[in-house]
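The values are calculated or read from the model by the stated rules, or taken from the named source; none is laboratory data. Quick caveat, the model's predicted, so the values are computed rather than measured. In this analysis, Cβ positions are derived from the backbone assuming ideal geometry, glycine residues included, and neighbour counts consider all displayed protein chains.
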């Protein structure tokens, strides 16, 4: 569940990068939705490990 724990920190980082150039502005928000499949994958793996 590391991905789920790190997600709030990435949101905070994205909000803190307001003075970056345009490419960084795009990257900071584009990476957030990419983490959703990682969180779902980790959750599925954890459920499978439990039996």
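Every residue, every condition in (1) under 10 Å from the mean Cα position of the chain (by Cα); (2) surrounded by 11 or more Cβ atoms within 10 Å (Cβ to Cβ), yes or no:
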residue	(1), (2)
20	no, yes
29	yes, yes
41	no, yes
48	no, no
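When you go through 3, 29 one by one, which is the residue that is modelled with pLDDT under 85 and assigned to a helix (DSSP H, G or I)? Quick ask: steps written out before the conclusion?
Numbers: 29 fails: modelled with pLDDT under 85.
None of the others qualify; the one that does is 3.
Of all residue pairs spaced 6 or more apart or on separate chains, those with beta-carbon atoms under 7 Å, a first member in the stretch 39-51 that is without any contact (Cβ under 8 Å) to a residue 40 or more places away in the chain and a second member that is assigned to a helix (DSSP H, G or I) and surrounded by 12 or more Cβ atoms within 10 Å (Cβ to Cβ) are 39/3; 39/4; 39/7.
Is it true that residue 11 is surrounded by 11 or more Cβ atoms within 10 Å (Cβ to Cβ) and free of Cβ contacts under 8 Å to residues at least 24 places away in the same chain? Yes: the conditions hold for residue 11.
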